[in-house]
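The values are calculated or read from the model by the stated rules, or taken from the named source; none is laboratory data. None of these values were measured; they are calculated from a predicted model. No Cβ is skipped: glycine too gets one built from the backbone with ideal geometry, and neighbour counts run over all protein chains shown. What goes into the accessible areas is simple: the full protein's heavy atoms, side chains included, and nothing from ligands, DNA or RNA. Shrake-Rupley method; radii C 1.70, N 1.55, O 1.52, S 1.80 Å.
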Amino acid sequence: MNATIKFRIDGTQVVTKAGLTIMKAADNAGIYIPRLCDEKGLEPQGSCRICIVKIGGQIVASCTQPAEDGLEVENDTPEIRNYRRDLVKMLYHEGNHLCPICEASGRCELQAVSYYLGIFQPTKYPYLQPDRPVDASHRDILLNTNRCIRCGRCIRASKTLDGKNLFGYIGRGIHKQVGVNGENLANTDAKVGDAAMALETCPVGCIIQKRQGFFAPIGKRRFDLKPLGTNSVKQQKGGSEQ
Amino acid sequence: MKKRLATVSLAGCFGCHMSFLDIDERILDLVQLVEFDKSPFNDFKKFTQHCDIALIEGGCCNEENVRTLQEFRANCDILVAVGQCAIMGGLPVMRNAIMHSNDPLRECLEEAYNDSDYVYNPTNEIPNDPALPLLLDKVYNCTEVVKIDYQIPGCPPSGDTLWYALVALLKGNPYELPSELIKYD
Amino acid sequence: MEEKKRRLFVKQSCEKFKNSRFRLLDILWEIQNGLGGIEGPVMEQVGKLIGVSRVHVEGLVTFYAFFSDRILGKIIIRLCDDIVDQFFGLDKIIEVFSEELGIKPGQTSLDGRFSFELTPSIGMSDQAPAALINDVVFPKLTPGSVKKIIRQLKEGVPVFKVDDTCGDGNNASALIHSSVMNNIRHTGKVILSDSFLPEKGLERCLNLNPAEVIKEMKDSGLRGGGGAGFPSGLKWELARKAEAEKRHVICNADEGELGTFKDRVLLTERAPMMVEGMTIAAYAIGSSEGIIYLRAEYAYLRPWLENILEKRRDTNLLGKDILGKTGFHFDIRIQLGAGAYICGEESALICSCEGLRGEPRIRPPFPVEKGYMGQPTIVNNVETFCCAARIFEKGFDWFSNIGTDKSAGTKLLSVSGDCKKTGIYELAYGTAVADLLEMAEAHDTAIVQIGGASGEMIGRIDFNRKICFEDLATSGSVMVFNSQRNVLKIVDSFLKFFIDESCGYCTPCRVGNVFLRERIQKVMHGDANHSDLDYLRQLSNLIIKTSRCGLGNASPKPVLSSLEHFPIVYASHLHEPREGLQRQFNIQKALEESRRIAKRRSMIYDPVYYDTN
């Protein structure tokens, strides 16, 4: 397919080859659409819903929705921004996200997306304060599922990049979680060099490499240096919610 | 007329108060704008009169925290939750994760005073002096106990963050912070 | 079972389904029934045998409610805990079960004989409270009957012999042999009428070409009977047009909507008609393989259905060159579900048929383009296939003249709750709710829930509204509640259902529903104020707008619908906060535990201080 198509995101024209998703096309055009469950090199799954956009009055996930000629996509509108904020807040309230004591703070995408969206601090919903297991069995890797946001990036990375199927979804509803392929992580062939264990794969502090905590000082961490969304045409909006 | 300001640290570490002092010489500007009422800064133990703004550090983990917070709600127009602990419980809230067991509070106390490998407590006694306020069943953040008007995130919020937020509030300007000043840690 | 024997059994179970990972659901059923549960080592072994990871198997075991990762008792009691059952004495029934068995819901007795669980919607709302014991249905439970049942089970009477009464119609046949009643209260012209001439529609179809069949189907105006109301003819046309070597016809017999049980009755009384409809669909879209996705709760109907399929194979109504039409081959297998409401959603149902977790798929592509095994697939409801058979027997114009402009034909309504005549009513589309209530002899009705938990909750002022796609669209569930019933309790029960049945794939549905329920409970406890109602509306909107599939789009409906139609109920529960304090924070409750541990009273919050020691 060599055909090019033209469509608009918030009025900005995007020219792209046919067959891409809205998010891919936006990325190529330098327009940032916030996301959590999607990562380069992995199949999109459209589960976190942070990347929602509006087309023709319908809300869709831009990571799975194909771009079509003539589309008018609403991305950074007040309505969509508010939905995104609420969805991000839900993730905070669902798990135990204590930034001050988390090894991932500063390189955490959940946190960075909240900053991008101008969320002061999530208190809108009740905190569920789950008591999920911590798997410290492995020599080099620790799983603290209290911080898991069910993005499934580790599942897909292990499957497609490592060819290992170390992880998979288990349970359903609010109890849906990422399970390991064995009694615990030590009983699998997980290696610290796996793509699934890479620091960039887990967007939060659920998969932690032991003896690697707080390796970058405050101010020099991944998103201290380059906040999410600041590389795009649209710079971060100053406005915040309250 | 100068606004009246009160501050308090509930189940917190006084880190936010320390951070407040990081406004450095701007404290001289501040005293032009406000009169301190009940606060650790001036060691006033009681409210002298009704206040306009109160900064609350820390959440509630015992009955005294609750009483103090309710007292602040009754004596101040605007309550500002400052820092992680006040906003969402912070470090103390970690004990809520064992809330799901059958006897969570006892479990928590046993862990703290007896069971942990790092505790030396030959008498195995859990402190229980009548003067100690009773612990709550779990840690509550401030919004769960009283209505909170504003919040300033951070652990602690930087001196700058506190300064700009406070000035905006005192002058009645829109409460808008540049994103670099919003940090959760 | 000792390990060697167990491993052999697992191996045989996998071999029975050719070690195919697409039949994982069937394999797990085999093992669940044989071993009473599917534990870690078994998951590992199954994974190795069929070529998937252990966690993949675990994913299925923990997704479907009827599978268990621990060993359950030999006799599994699944008591239905829908709102209708609750209003008809469920608490007492639970109490009696617990007493007699010595275990609470969710537990297995120490001797490993009994497991006692609560489950939603077993399709017996007209005979509530009801329970499934293994495969056998026990309707209309009373404390007395429960005691009798447990006594017999303890004496060692086999489950199917405990209750020897038989229901009406085919329920009394040897292959079903169930005490379930059909409770058909009103037969309409289309499906339940006696005038049906079997195979006439199919014969007529085979004389037409497939394009003509689809055209008649479209002209009939038939819309899907599952609730969404998608035009069936159009669905068939899209599937036919999609290029592929193979196409599939799937019958959705997974009615899980609360309060619906019409498919139970149809499968009992009109199964041949349904299969005829499927055969017509297969001819129209060019399919050779069909699946009946039967919900696990109706497993007791499986032998009956298998027998009907077998009989049709014997008479050349299924198989090769059907009724002499050269080149038209079609056969059907039954896929047993395993307890997941979400599998009523067509793409989730297809996943389930392929031996996966029943999670809705990314759309586009739609099932009519890429469905079962990546091939074009139509998924229609039991009722829809029954209608199809009738349409070709009697002609599309006969059918389209029944009902209203935009809703052709009749609708099977499952009426349950506070009325004398609960059961099935086949009525032409456009019937007013009030007329239905009169037929059902419902007096003092205050609330009618149309369309199950995801439907609309209406009050007296709306009883003149009509049941049809233009007004009150419904999957067929009609729950009737009298003025003694608590609206908020109903809403709360529905939300619990959605929380339990959400697949957990997308954030708003997985988490949002939990927050909705928390706030509804706050209202129930009298701790909410006006701002909480705004919160409920806003949160509902978020879930509806951003969820991925129909479950999330519908789960806030009970909240919104009750807020709209019963505002006074909410208003009467609201209390404005006192001096900025939060009502739901209860200091006395928060201190209870501490007082007990410290053995002293509060110096601050207890009126007088004594050291009680």
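Here the relative contact order of chain C, from alpha carbon pairs under 8 Å that lie six or more residues apart, stands at 12 percent.
For the segment C:42-55, counting C-beta atoms of other chains within 10 Å of every residue's C-beta and taking the mean gives 3. Carbon and sulfur atoms: what percent of the 1.4 Å accessible area of the range A:4-74 do they account for? With neighbouring chains kept in place, the figure for the range A:4-74 is 44 percent.
Does the protein assembly as shown come out rounded, prolate or oblate, given a ≥ b ≥ c as the square roots of the eigenvalues of its C-alpha gyration tensor, rounded meaning a/c under 1.5 and, failing that, prolate meaning a/b above b/c? Note, shape of the protein assembly as shown comes out prolate. For the range B:1-89, GluC sites (Glu not before Pro) are listed when DSSP marks them as loop and at most 11 other Cβ atoms sit within 10 Å of their Cβ; the list is B:Glu25. Just checking the listed ones, B:Gly172, B:Gly154, B:Gly90: in the Gaussian network model of chain B with Cα springs under 10 Å, the one fluctuating most is B:Gly172. Spacing of the modelled spin labels on A:Glu200 and C:Asp314, each 7 Å from Cα toward Cβ, amounts to 6.6 nm. A loss of 50 Å² or more of accessible area (1.4 Å probe, protein heavy atoms, ligands and nucleic acids excluded) relative to the isolated chain is seen in these residues of the range A:97-130: A:Leu98, A:Pro100, A:Ile101, A:Tyr115, A:Phe120, A:Gln121, A:Thr123, A:Lys124, A:Tyr125, A:Pro126, A:Tyr127, A:Gln129.
To the nearest ten degrees, helix B:159-171 and the longest principal axis of the Cα atoms of chain B are 60 degrees apart. Scoring A:154-164, C:564-574, C:285-295 by mean Cβ neighbours within 10 Å over their residues and listing the highest first yields C:285-295, A:154-164, C:564-574.
Counted over the protein assembly as shown, the DSSP beta bridges are approximately 55% antiparallel. When C:His443, B:His50 are compared by accessible surface with a 1.4 Å probe, the order from highest to lowest is C:His443, B:His50.
When a/c reaches 1.5 or more, the comparison of a/b and b/c decides; with that in mind, is the range C:459-577 rounded, prolate or oblate per its Cα gyration tensor? Cα axes put the range C:459-577 in the oblate bin. Rolling a 1.4 Å probe over the heavy atoms of the protein chains gives the protein assembly as shown an accessible area of 40 Å² per residue.
A simple packing score, the average count of other Cβ atoms within 10 Å per residue, orders the peptides C:159-168, C:172-181, B:140-149 as B:140-149, C:172-181, C:159-168, with the highest score first. Across the range C:148-158, computed HN-Hα scalar couplings (Karplus, 6.51 cos²θ - 1.76 cosθ + 1.60, θ = phi - 60°) run 5, 4, 5, 4, 5, 4, 5, 6, x, 5, x Hz from first to last residue, x flagging Gly and Pro. Against the main long axis of the alpha-carbon atoms of chain C, helix C:507-524 sits at an angle near 50°. Distance from the C-alpha centroid of the range C:254-296 to that of the range C:372-421: 11 Å, rounded to the whole angstrom. Surface composition of chain C: carbon plus sulfur atoms contribute 50% of the solvent-accessible area (1.4 Å probe, protein chains only, all chains present). Put a plus charge on the Cβ of each Lys and Arg, a minus charge on the Cβ of each Asp and Glu, and nothing anywhere else: the dipole of the protein assembly as shown about its Cα centre is then about 1600 debye. Using only Cα atoms, find the angle between the long axis of helix C:382-394 and the longest principal axis of chain C, and express it within 0 to 90 degrees, rounded to the nearest 10. Taking the Cα atoms of chain C, the angle to C:382-394 is about 30 degrees.
Note on chain B: antiparallel DSSP beta bridges, both residues inside, total approximately 20 percent of the bridges counted. When DSSP beta bridges are restricted to pairs lying wholly in chain C, around 50% turn out antiparallel. Modelled this way, with points 7 Å down the Cα-to-C-beta line, the labels at A:Glu79 and C:Lys421 are 4.7 nm from one another. Annotated for the range A:85-219: lysine pairs at least 8 residues apart or interchain, Cα distance under 20 Å, count 6.
Measuring nothing but alpha carbons in chain C and taking Rh as the Kirkwood radius, the Rg to Rh ratio lands at 0.99. Highest mean first, the peptides C:410-417, C:483-490 sorted by other C-beta atoms within 10 Å per residue fall in the order C:410-417, C:483-490. Amide H contacts of B:Asp77 (H built 1.01 Å from N, in plane; Pro and chain starts excluded): B:Cys51, B:Asp52, B:Ile53 sit under 5 Å, all sequence-distant by 5 or more or on other chains. What whole number of Å gives the distance from the Cα centroid of the range C:544-613 to the Cα centroid of the range B:24-61? Cα centroid to Cα centroid, the span is 32 Å. Centre-to-centre, using Cα atoms only, the range A:22-95 and the range C:47-125 are separated by 39 Å.
Listed by chain and number, the aspartates and glutamates whose alpha-carbon sits under 14 Å from that of C:Lys161, ignoring those within fewer than 8 places in the same chain, are C:Asp135.
Each residue of the range B:73-84 was assigned a 3J(HN,Hα) from its phi angle through the Karplus curve 6.51 cos²θ - 1.76 cosθ + 1.60 (θ = phi - 60°); the sequence is 4, 6, 9, 10, 6, 10, 9, 10, 7, 10, x, 3 Hz, with glycine and proline shown as x. To the nearest 100 Å², how much accessible surface do chains C and A hide from each other in total, with a 1.4 Å probe? Summing both chains' loss of accessible area gives about 3200 Å². Springs between Cα atoms under 10 Å define the GNM used for chain A, and in it the highest mean-square fluctuation of A:Gly168, A:Gly152, A:Gly205 occurs at A:Gly168. In this rough spin-label picture, where each label sits 7 Å from Cα along the Cβ direction, the B:Ile98-C:Leu208 distance is 7.1 nm. Computed over the protein assembly as shown, the per-residue total of -39500 (n - 2.57) for DSSP H runs of n ≥ 4 gives a 222 nm mean residue ellipticity of -10000 deg cm²/dmol, rounded to 500. Taking a Cβ cut-off of under 11 Å around C:Thr268, the surrounding Lys, Arg, Asp and Glu residues balance to a net charge of 0, with basic ones at +1 and acidic ones at -1. Across the range A:85-219, the volume of the C-alpha convex hull divided among the residues equals 114 Å³ per residue. Between amide H atoms placed 1.01 Å from N, distances below 5 Å from C:Asp418 occur with C:Val480, C:Phe481, C:Asn482, all of them 5 or more places distant or on a separate chain.
With the Cα gyration tensor of the range C:236-315 giving a ≥ b ≥ c as the square roots of its eigenvalues, does the rule (a/c under 1.5 for rounded; else a/b larger than b/c for prolate; else oblate) give rounded, prolate or oblate? It comes out oblate by the Cα gyration axes.
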